[in-house]
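Read through the structure below, which is laid out as structure tokens, and then see the notes.
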Amino acid sequence: MDQNETKRPGGEKVALDDERRVKVLSPGAMVAKRFFRNKLAMVGLCILIAMFLFSFVGGLVSPYGEKQVFESYETMSKEYAGVTRNSDFRYAELQEGTLSADDKSQFLLAVSSGESTFSSGETVYAVIPLTEDTYTIGSSTPVVEVAKLKGQPVFTDRAGVLTQEMQDAYVKATAEGLDTFTVGSDLYVIQGANKFTTINRVEPAAVATRTVLESIGGGKLDYDFTLAALEAKAAGKTSFTAGGKKYKMEIDDEAALISLDGEEFATLSPYVIRAVENGTVISGEMRALILEAVENGETSVHFTNENGEEETLEIRRKNEQFMVRRDTQTKLIMIYSTPSKEHWLGTDGNGMDILTRLMYGGRVSLMIGFVVIIIETLIGVVLGGIAGYFGGWVDNLIMRLVDIFNCIPTWPILIIIGSIMDAQKVGATTRIYIMMLILGVLGWPGTARMVRGQILSLREQEFMIAAEATGISVSRRIFRHLIPNVIPQLIVICTMGLGGIILTESTMSFLGLGVKFPYASWGNIIQAVSSVYVMTNYWFVWIPAGFLILITVLGFNFVGDGLRDAFDPRMKR
């Protein structure tokens with residue numbers, strides 16, 4: 001007889017590949033055969049394999065990272081500076097700190113009221129106009145007292161400076177109604193009235209001007225240079241000397257360009273230039289170009305930048321201000337860029353690659369599904385097995401606990417816990433663990449009921465009576481003999497429950513209660529679509545994530561249906 005043949009009890013020979021030998025296959029082989037013959041189950045299995053490869057292998061081969069933000073550089077015309085006519089006084093002091101804030105306030109009051117002197121503390125200052133917008137300020141010291149006797153001045157010298165020339169200058173100034181006069185290069189101020197006056201010698205203190213005088217090199221201009229430049233401009237001179245150096249001045253209406261040894265040194269203008277962005281430094285050369293263009297009424301300025309490239313500044317008048325715009329290389333985040341060969345599904349609102357985010361998001365969604373189902377199964381098997389085996393008051397107690405958990409409003413609880421985590425600023429990683437634990441704790445009652453029902457019917461069968469007769473411990477009876485007989489039903493419930501958990505996690509993340517940025521899940525990828533405009537114009541942001549959720553849940557449902565049919569002994573296919 002052939003070794004591949006065998007005899008049946010009636011003497012009939014049967015080959016190993018005979019269809020009638022199927023009845024002797026093991027129960028596991030029968031279940032596998034039924035499962036693999038189910039076409040929908042095979043479709044679901046292929047979908048799940050593809051999703052696992054996409055999520056866990058795809059992230060490894062992707063050239064991009066989950067949190068990688070993509071940027072690009074574009075040339076944009078941006079507001080660079082504003083030019084306005086200066087209305088505030090600027091001070092150049094002979095010595096730093098000569099004028100206090102109170103001194104400057106008193107000076108402004110004196111100018112507005114047309115007075116030639118003002119007092120601040122114990123010091124009397126003289127205000128000498130140079131032009132309509134420029135004044136020199138000097139501190140005065142009493143040097144001579146004057147008393148009038150029978151209409152004639154009587155001088156008392158207190159500083160040893162009284163000369164006949166000073167007396168004549170004093171008499172002439174009082175006759176003309178003036179309160180200042182000069183003797184040589186010295187300036188004197190007459191203070192007082194009626195019969196007693198004092199002659200105060202004025203010492204230079206500061207220059208106050210509304211004219212904007214700025215160094216092209218960015219350095220600070222001292223008192224001597226400022227005074228000399230302003231006096232030269234007021235007199236219409238083309239050169240002046242300050243600090244032993246000779247400067248040339250090119251006057252153009254209200255502005256002037258000052259040069260030293262053939263190089264541009266400073267600009268003088270009634271306009272002030274301020275950068276729009278904090279931290280931007282406008283060079284003196286740039287200021288000179290802008291001022292010249294404003295003075296000449298030009299609308300654009302061409303220049304060569306520090307890199308040797310030609311650039312253009314556009315100048316537009318806006319009310320009483322001139323706005324200067326400059327083409328600059330601006331770093332932009334590539335938000336909502338359309339699909340391309342670099343980014344097959346484009347980028348999202350944070351400038352991240354959507355395809356890569358979907359891969360990493362699949363890891364999170366699938367991991368949450370499996371961890372939650374494991375927690376549910378462990379709790380449900382233990383409590384359901386104990387309730388089904390012992391019965392009585394133990395069964396009643398556990399079933400009432402199941403009823404309590406079934407009565408808990410799941411979504412309100414999830415919303416409240418999500419709000420608490422937001423208020424406590426729980427980290428994104430910790431949030432995932434807490435969410436998995438909460439979903440697992442709230443989802444075990446269904447598994448416990450199923451396990452209890454199965455064990456109630458199994459504990460009365462003969463194999464359990466034999467196990468009890470042999471003295472096997474209670475725990476071994478439950479977990480070595482009863483629970484293994486419930487595993488087929490557990491597999492079906494777990495497989496079909498995975499899809500529901502993924503949907504729950506996606507819904508929570510969509511509502512902002514689940515996985516938080518920067519981590520990705522399929523739910524929070526869709527949640528990023530926060531407006532109708534984004535939804536209608538950037539379909540590639542949310543449709544792929546929704547499609548992956550759909551087919552993954554379908555895949556688990558198909559596999560679950562296939563396992564349920566395969567474990568059903570009444571199924572003949």
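The values are calculated or read from the model by the stated rules, or taken from the named source; none is laboratory data. Worth saying up front: this structure is predicted, and the values here are computed from it rather than measured. As a convention, Cβ positions derive from the backbone with ideal geometry for all residues, glycine included, and neighbour counts pool all protein chains shown. Accessible surface is based on the protein model in full, side chains and every heavy atom, while ligands, DNA and RNA are left aside. Shrake-Rupley method; radii C 1.70, N 1.55, O 1.52, S 1.80 Å.
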Extension gain Glu310-Ile408, at 0.36 nm per residue separation less the Cα-Cα distance, in nm?
-> 28.2 nm
Quote to one decimal, in nm, the extra length available between Arg90 and Ala235 on full extension: 0.36 nm per residue of separation minus the C-alpha distance between them.
-> 50.2 nm
So if R0 is 25 Å, what FRET efficiency would Lys245 and Asp168 give, r being the distance between their Cβ atoms, rounded to the nearest 0.05?
-> 0.10
Two-site FRET efficiency, Ile416 against Leu456, from Cβ-Cβ distance with R₀ of 45 Å, rounded to 0.05 | 0.80
Keeping all protein chains in position, work out how much accessible area Ile379 exposes to a 1.4 Å probe, and write it in Å² to the nearest 10.
-> 50
Go ahead and run the numbers for FRET between Met535 and Glu263, Cβ-Cβ distance against an R0 of 60 Å, rounding to 0.05.
-> 0.50
Show which aspartates and glutamates lie in cross-link reach of Lys67 when reach means a straight Cα distance below 14 angstrom and same-chain residues fewer than eight apart are skipped.
-> Asp348, Asp353
Solvent-accessible surface ranking, highest first, for Ile491, Ile333, Ile501 at 1.4 angstrom | Ile333, Ile491, Ile501
Of Lys39/Lys516; Lys78/Lys237; Lys172/Lys195; Lys172/Lys233, which sit over 28 Å apart, Cα to Cα?
-> Lys39/Lys516; Lys78/Lys237; Lys172/Lys233
Pairwise centroid distance, computed over Cα atoms, of segment 356-395 with segment 252-276, Å | 78
Where a ≥ b ≥ c are root eigenvalues of the Cα gyration tensor, a/c under 1.5 meaning rounded, otherwise prolate if a/b exceeds b/c and oblate otherwise, segment 351-414 counts as oblate
Could you tell me the accessible area of Glu311 in Å² (1.4 Å probe, neighbours in place), rounded to the nearest ten?
-> 30
Tilt, helix 445-458 to longest principal axis of the chain (alpha-carbon atoms), in degrees rounded to tens, equals 10
Using the Cβ atoms and a cut-off under 12 Å, what net charge is assigned to the surroundings of Pro445, where Lys and Arg are +1 and Asp and Glu are -1?
-> +1
Tell me, what is the per residue accessible area of the chain in Å², probe radius 1.4 Å?
-> 55
Provide Met42, Met352 ordered by accessible surface of protein heavy atoms (probe 1.4 Å), highest first.
-> Met42, Met352
Taking every other residue with Cβ under 14 Å from the Cβ of Met508 and scoring Lys and Arg +1, Asp and Glu -1, one gets 0
Would you kindly state how much longer the chain becomes between Ser475 and Ala32 on full extension, computed as 0.36 nm times their sequence separation minus their alpha carbon distance, in nm to one decimal?
-> 156.5 nm
Nearest-10 value in Å² for the accessible area of Leu230, using the 1.4 Å probe = 10
Over the chain, with every protein chain in place, what whole percent of the accessible area is carbon and sulfur at 1.4 Å, could you tell me?
-> 56
Among the GluC sites (Glu not before Pro) in segment 110-145, which ones are in a DSSP loop with at most 11 other Cβ atoms within 10 Å of the Cβ? Mind listing them?
-> Glu122, Glu132
Helix-only CD estimate at 222 nm, as mean residue ellipticity for the chain, using -39500 (n - 2.57) per DSSP H run (n ≥ 4) | -14000 deg cm²/dmol
